[in-house]
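Values quoted throughout were computed directly from the atomic coordinates according to the rules given, and no laboratory measurement underlies them. Computed from a predicted model, the values in this text were never measured in an experiment.
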Amino acid sequence: MSHIDTVKALNSIFDRYDFDALRDAVEGSDPDAVRSGIAELDALVSESLSDDVVIEFHVGVGLPEGGRYEGREEYLRFWRGWLAAFEVYEIEHRDYEQVGDCVVVGVTHRGRGRGSGLEFELAQGQRWVFRGGQAAEIHVYDTREEAFADLPAD
C-alpha cells in the first residue's frame, strides 16, 4: 500500500461507517486500550501507524483537547474526545500529494455539535510523515499551503 493509499484509508474511515455507530464504538471502548471497538479500524491503526505516532496541531485556534498526542493510545484518545463532541460529523479529503516520505492533503470537517446543535465547517491541511512504511507523524495546519510550507528540507 502506498503512503497516499494509507492516508486515504485512514481518512476515509468516516465514509465507510455510519457516524453514530463509529462514534459510539470509539467512545465506548476502553480508554487505556489501543482498540476502537471496530475490528477494521483497529487493524488499520495497528498496521498503518507506528507505535510512537505523533499528532501535532499547528493551528491558530487552540483545541480544548490540546495540541500534541504521542503514541497509538493518545491517537485513539484524541479521536474519542473529538468524536464525542458531535451529533453529526463528516470529513472531506482531497488533493493528496506525496513529497518524499510525506503526504500532504486538504481536509474539511463538517458537523453539528452534540450538545449545542451548532453547525460547523473547518478546512485544514494535514502533513503525514512516514518512516519504516508507517505513519510516524501527523501534523495539522490551518491550510494545505501551511502543510506544504512546513515540509522538511531534503
Measure of compaction for region 46-105 (Cα Rg per 2.2 N^0.38 Å): 1.28
Rg(Cα)/(2.2 N^0.38 Å) for the chain, N = residue count: 0.99
Amide hydrogen neighbours beyond the local backbone of His139, cut-off 5 Å, H modeled: Glu56, Arg127, Trp128, Val129
Amide H within-cut-off set for Val99, under 5 Å, with H built and near neighbours excluded: Val104
Residue-by-residue Karplus 3J(HN,Hα) for region 120-129, coefficients 6.51, -1.76, 1.60, Hz, glycine and proline x: 9, 9, 9, 8, 8, x, 10, 10, 9, 10
Estimated Rh, region 93-135: Kirkwood, alpha-carbon pairs, angstrom: 12.1
